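Student: I'd like to ask some things about the structure below.
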Amino acid sequence: MQPKQKKEKRRPDKGMAPWQMVVFTAVLTLTGVCSLLMEKPTVSEMEQRQLAAMPQASWKSWFDGSFGKEYDAFYADTFPLRDFLVSFSSQVKENLGLRYDDVRILGGADAPVDSPDPTVSQPEDSNSGPQQDPASDQDPTVSQPEQSSSSSQQDQTDDIGVNKSGIFIYKGMGMSLFGGNESVGKVYADNINAYHEVFGDSVRVFDMVVPTSAEFYLPEKYQSLSRSEKDAIESIYGHLASGVTGVDAYSAIQQHTDEYLYFNTDHHWTGRGAYYAYTAFAQAAGFEPLDIETDYDVRVIEDFLGSLYRQTQDSQMREKGDYVEYFIPDTEASASIVLQDQPYTKSKWMVWEEGVSGGNGYLVFLCGDAPMIQIDTGNHNGKSIVVVKESYGNAFVPFLIPHYEHIYVVDERYFQTSLVSLIRENQVDDLLFLNNAFSAMTAYHANNLKKIMYQVYTPPVQQPQESQVEQSSQAQEEQEDPKWQGIQDEDADQDDEDES
């Protein structure tokens, strides 16, 4: 007989000690109290987006479940130390992986490029190459630098889309990998040619396609991951009509790649990178560019972390960081803006928004994107130019101030009237299309150039909300009551201040 084995006595699971229960309960209680009492943020500077707002309760929203979903989003967005926790979580995930050759590749990640206006359907094109999808938090109205209607909108700046090719990070510098498609590039060129056909020699037409950072800073070992932007640009220029001038910004930038031309943490170029493209345009347009070392007041915004960092939360990118240089010439300039759905009204605006900081740094240029911005300068030479652009053009446009009396900045994503009419009505001399290589080979952007030629503005149909219907009779009574008049006037003045 085999000896009986002694059964091990299982110790009862005692769970947490009383002091642990007290600490755990205290932490939960403190967190809950803080989440209720602390001031609720409206914007996440790290993610560059508008946070969910406290929902308005109604019988309908309560019983159909929408109030609960909206409140859940509000609570999650405004949870105490949310930005810190998101960043910490990303760092933990990053540390689970390995880096080789100081390289990190995020294949299929959300690489920032300019995204379309989400209110406009993106054209389908089987030959369109890698597509840039709309960002769900994009506000197409205008990008502004401050408070809830401001800094949230840039990233809303700015226009962040999706490039399925991914993000390449090398020694703390993020780069979007380029796909491109020649058939889309031809559509882009053909649509620019159409403007030359309309205006003939009465308007000089220029096209400038700007390379991105991967073209110059991707290590040789990994260059097969990204298509040649130089080849793509040359292909586009090869399709331009004889009366359209392709501006060789590529060569001008290539000569200065040892300088700070592109951000480490953002998909845009720097002000210095835009300057060298401006020198190429000056040569093509026949005027003398200013000297970057002597002719500008150079100012800097420190501690800039841009779109690529926001999407990756990469620790090496954060350590390397960025700053934003901007260059102010000795020429007076004032600006006005046309807002979304207000195409025939202009409000006062600014060429440089110097109140921005941190992740909003790129907003210093024109204060972000808008359907149209007009700049009137102290250079009374009678010359005028229209610049059709996406956000890459924001850093470029201010360099034109010493050379034109009037500058019309059109964002092809948000512009709502006819570009041909704008050019004719203002007797414009020069027309410049400026896009980065990603945008120039994206079907959405290429087709937009054709769409805005003879575009007719159609006001949006306003759908009355349930609460508005319920309050309509009360609002009518208040409008007729003189005691409300002063308050309404104050609100109108405040709206005007917010817009400007």
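Student: How many of the residues in segment 322-350 are acidic (Asp, Glu) and outside any strand (DSSP E or B)? Step through it out loud before you land on a result.
Tutor: Kept after step one, since they are acidic (Asp, Glu), are these residues of segment 322-350: 322, 325, 330, 332, 341.
Subsequent filtering for residues that are outside any strand (DSSP E or B) retains 330, 332, 341.
Residues in segment 322-350 being acidic (Asp, Glu) and outside any strand (DSSP E or B): 3 in total.
Student: Hey, can you tell me all the residues within segment 280-289 that are small (Gly, Ala, Ser) and not in a loop (DSSP other than H, G, I, E, B)?
Tutor: At the first step, the residues of segment 280-289 found to be small (Gly, Ala, Ser) are 280, 282, 284-286.
Selection gives Ala280, Ala282, Ala284, Ala285.
Student: When you scan segment 246-279, how many residues do you find that are among the charged types (D, E, K, R), touching a residue at least 40 places away in the same chain (Cβ under 8 Å) and assigned to a loop (DSSP other than H, G, I, E, B)? Let's see the steps before the verdict.
Tutor: First pass over segment 246-279, keeping only residues among the charged types (D, E, K, R): 248, 258-259, 266, 272.
Pick out the ones that are also touching a residue at least 40 places away in the same chain (Cβ under 8 Å) and you get 266, 272.
Then keep just the ones that are assigned to a loop (DSSP other than H, G, I, E, B); that gives 266.
Count: 1.
Student: On to the next question. Looking at segment 395-416, which of its residues are under 22 Å from Glu354 (Cα atoms) and touching a residue at least 60 places away in the same chain (Cβ under 8 Å)?
Tutor: Ala395, Phe396, Pro398, Phe399, Leu400, Ile401, Pro402
Student: Further question: Restricting segment 224-245 to residues that are of a type in the set (A, V, I, L, M) and without any contact (Cβ under 8 Å) to a residue 60 or more places away in the chain, which is farthest from Glu390 (Cα to Cα)? Explain how you work it out, then say what you get.
Tutor: Taking segment 224-245 first, the residues of a type in the set (A, V, I, L, M) are 225, 232-233, 236, 240-241, 244.
After this cut, where a residue has to be without any contact (Cβ under 8 Å) to a residue 60 or more places away in the chain as well, the list is 240-241, 244.
On the way: Leu240: 20, Ala241: 23, Val244: 20 Å.
Ranking the candidates gives Ala241 first.
Student: Right, here's the next one. If you check Leu449 against the conditions, is it surrounded by 24 or more Cβ atoms within 10 Å (Cβ to Cβ) and either assigned to a strand (DSSP E or B) or modelled with pLDDT of 95 or more (or both)? Explain how you work it out, then say what you get.
Tutor: On the way: surrounded by 24 or more Cβ atoms within 10 Å (Cβ to Cβ): no; either assigned to a strand (DSSP E or B) or modelled with pLDDT of 95 or more (or both): yes.
No: the conditions fail for Leu449.
Student: Count, please, the residues in segment 272-291 that happen to be more than 20 Å from Asp429 (Cα to Cα) and surrounded by fewer than 19 Cβ atoms within 10 Å (Cβ to Cβ).
Tutor: Residues in segment 272-291 being more than 20 Å from Asp429 (Cα to Cα) and surrounded by fewer than 19 Cβ atoms within 10 Å (Cβ to Cβ): 1 in total.
Student: Regarding Asn394, is this residue touching a Leu at 6+ places or on another chain (Cβ under 6 Å) and within 23 Å of Asp266 (Cβ to Cβ)? Let's see the steps before the verdict.
Tutor: Numbers: touching a Leu at 6+ places or on another chain (Cβ under 6 Å): yes; within 23 Å of Asp266 (Cβ to Cβ): yes.
Criteria met by Asn394.
The values are calculated or read from the model by the stated rules, or taken from the named source; none is laboratory data. Everything quoted here is computed from the prediction, not taken from an experiment. With ideal geometry, Cβ positions are generated from the backbone for all residues, glycine too; neighbour counts draw on all protein chains shown.
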